[in-house]
Amino acid sequence: EVQLVESGGGLVQPGGSLRLSCAASGFTFSSYWMHWVRQPPGKGLVWVSRMNSDGSTTGYADSVKGRFTVSRDNAKNTLYLQMNSLRAEDTAVYYCARDRCSGGSCYYEYWGQGILVTVSS
Amino acid sequence: DIQMTQSPSSLCASVGDRVTITCRASQSISSYLNWYQQKPGKAPKLLIYAASSLQSGVPSRFSGSGSGTDFTLTISSLQPEDFATYYCQQSFDTPRTFGQGTKVEIK
C-alpha cells in the first residue's frame, strides 16, 4: 500500500525556518518525481515545488523561490522541504504528492495526509 | 502562468441530480487536465486524469470531457458521499495550476 506521511510542521515566527519531511513507503520511491502542494486555511490548492526522481532537477513557485529548498534522500525514501524566511502568507497545510505520468499526461496519484504550518508571532 | 477558472464556485444539488462543473484554461492545454475531489480535513483524491480517463477505483458516475481550453466534470447521479470540493488542475506547463475549486453542497 502506498503511503506518504508528512511531518515537521508547527508554529514558527515570521522570519523563521522549518523543515518538512515526507516519508514514503509501499513503492519504489527513487522512481518517482515528487511534489509539494499547499493549501492556505479555507482556500484552494497551490503548487509549491517539485523534484525529479534522482534529485537532479527542481522547480519552485515564484512565491517561494529563493526561500524554500526541496531535496530527497532516496536511501531513506524521504522527501524534504526546507522553508526559510517564513512569512504569514506561507501559513497552510502542506501536502507531498507522488507524480505519475501516462501517455504524456501527469497527475498526482497519491497524496500525504497534510501537515499544518503556521507562521505567526 | 496558465490560469484555471472553474464555474460555478459553489452549487447546491440533491441526491440523484446530474451535476456539471466547468473548468476553463487561459490558453490551450490540450488534454492535460486533471480533476480532484477534496473533503473537509482530507487530502485531495484524484478522480480524472488526461481530461477523460477515470482513475482506478473511482465510480463510473464520474466522467470528464473536453480539450483545448474548455473542460467539464460530470457526476451523473449525485450520491451522499460526493458532497465535497472539486478542483481542476492543468499539467501542460509548470507551475501546475489549479482552479479555485467548486464546492458541491446539499440542497
Considering the stretch A:41-57 alone, what residues qualify as being more than 11 Å from chain B (Cβ to nearest Cβ) and surrounded by 14 or more Cβ atoms within 10 Å (Cβ to Cβ)? A:MET51, A:ASN52, A:SER53, A:GLY55
Among the listed residues B:THR102, B:THR94, B:THR69, which satisfies the condition of being modelled with pLDDT under 95 and out of contact with any Leu (no Cβ under 6 Å at 6 or more places or on another chain)? B:THR94
For the stretch B:14-33, name all the residues that are in a loop (DSSP other than H, G, I, E, B) and within 14 Å of another protein chain (Cβ to nearest Cβ). B:ILE29, B:SER30, B:SER31, B:TYR32
Restricting attention to the stretch A:39-67, the residues that are touching a helix residue (DSSP H, G or I) at 6+ places or on another chain (Cβ under 9 Å) and basic (Lys, Arg) number exactly 1
Could you check, for the stretch A:68-80, whether at least one of its residues is open to solvent by 20 Å² or more (accessible area, probe 1.4 Å) and touching a residue at least 60 places away in the same chain (Cβ under 8 Å)? yes
In the stretch A:73-100, anything farther than 13 Å from A:TRP33 by Cβ and not in a strand (DSSP E or B) is listed as A:ALA75, A:LYS76, A:ASN77, A:ASN84, A:SER85, A:LEU86, A:ARG87, A:ALA88, A:GLU89, A:ASP90, A:THR91
Among A:TYR60, A:TYR110, which is the only one that is at pLDDT 95 or above, buried (at least 19 other Cβ atoms within 10 Å of the Cβ), touching a Pro at 6+ places or on another chain (Cβ under 9 Å) and within 13 Å of chain B (Cβ to nearest Cβ)? A:TYR60
Which of the following residues is closer than 22 Å to A:SER105 by Cβ, facing another protein chain (nearest Cβ under 10 Å) and without any contact (Cβ under 8 Å) to a residue 60 or more places away in the chain: B:PRO59, B:PRO44, B:PRO95? B:PRO44
Look at B:THR102 and say whether it is under 13 Å from the mean Cα position of the chain (by Cα) and away from chain A (no Cβ under 14 Å). no
For the stretch B:34-73, the count of residues that are under 21 Å from A:GLY44 (Cβ atoms) and either part of a strand (DSSP E or B) or not hydrophobic (A, V, I, L, M, F, W, C) (or both) equals 24
Looking at A:ASP90, A:ASP99, which is the one that is more than 14 Å from every other protein chain (Cβ to nearest Cβ), open to solvent by less than 30 Å² (accessible area, probe 1.4 Å) and of a type in the set (D, E, K, R)? A:ASP90
Is there a residue in the stretch B:79-89 that is acidic (Asp, Glu) and under 15 Å from A:SER105 (Cβ atoms)? no
Under the condition of being farther than 15 Å from B:GLN90 by Cα and touching a residue at least 40 places away in the same chain (Cβ under 8 Å), which residue from the stretch A:33-42 is nearest to the chain's Cα centre (by Cα)? A:TRP36
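The values are calculated or read from the model by the stated rules, or taken from the named source; none is laboratory data. Remember, it's a predicted structure, so these values are computed and weren't measured experimentally. When we count neighbours, we look across all protein chains shown, and the Cβ atoms used for this are built from the backbone with ideal geometry, even at glycine. Heads up: the accessible areas ignore ligands, DNA and RNA and are worked out on the full protein's heavy atoms, side chains in. Shrake-Rupley method; radii C 1.70, N 1.55, O 1.52, S 1.80 Å.
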